[in-house]
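Each remark here refers to the structure printed beneath this line.
Each reported figure results from applying straightforward, stated rules to the coordinates on display, with no laboratory input. Computed from a predicted model, the values in this text were never measured in an experiment.
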Amino acid sequence: AAGDVAKIMRFVTIRDKELRAKLTPDYDFGCKRPTFSNSYYRTFTKQHVHLQDSGIARIESDGIVANDGTKTAIDTLVLATGFDL
């Protein structure tokens, strides 16, 4: 039931199918610590927020260079790690 609620929340808050797919976990609900926030998914739909999912090749003084070669100027870099299953 909780997994269904999470799925509905993603659908309601993230209308972009590609972004929603990137933010959909590839594991069952409860295998990792769930995010209990009504603003988490909505954050990724804001104009100034960009999900970087191709990995970071390097960090420079004024931004990051992704594995796909794109450079993004940043003010803040948030590093988040998960649990290995």
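For this structure, a couple of remarks:
- Checked against a 18 Å cut-off, the cross-linked pairs K17/K46; K22/K71; K22/K46 give Cα-Cα distances beyond that limit for K22/K71.
- Hz values of 3J(HN,Hα) by residue in the range 24-34 - Karplus curve (6.51, -1.76, 1.60), Gly and Pro given as x: 8, x, 9, 9, 5, 4, x, 5, 10, 4, x
- Diffusion constant of the range 1-46 at 37 °C, which comes from Stokes-Einstein with the Kirkwood Cα-pair radius and 0.692 mPa s, µm²/s: 300
- In the list (1) 28, 15, 10; (2) 24, 22, 10; (3) 26, 16, 12, the label attached to semi-axes √(5λ) of the Cα gyration tensor in Å as derived from the coordinates here is (3).
- Degrees, to the nearest 10: 2-13 long Cα axis against longest axis of the chain: 50
- Remark: relative contact order (the chain) = 19 percent; criterion is Cα-Cα distance under 8 angstrom and separation of 6 or more residues.
- Rounded to the nearest 500, the 222 nm mean residue ellipticity of the chain from helices alone is -6500 deg cm²/dmol, with -39,500 (n - 2.57) taken per DSSP H run of at least 4 residues.
- Per-residue extension of 0.36 nm, minus the Cα-Cα distance of D4 and T43, leaves a gain of 12.0 nm for this segment.
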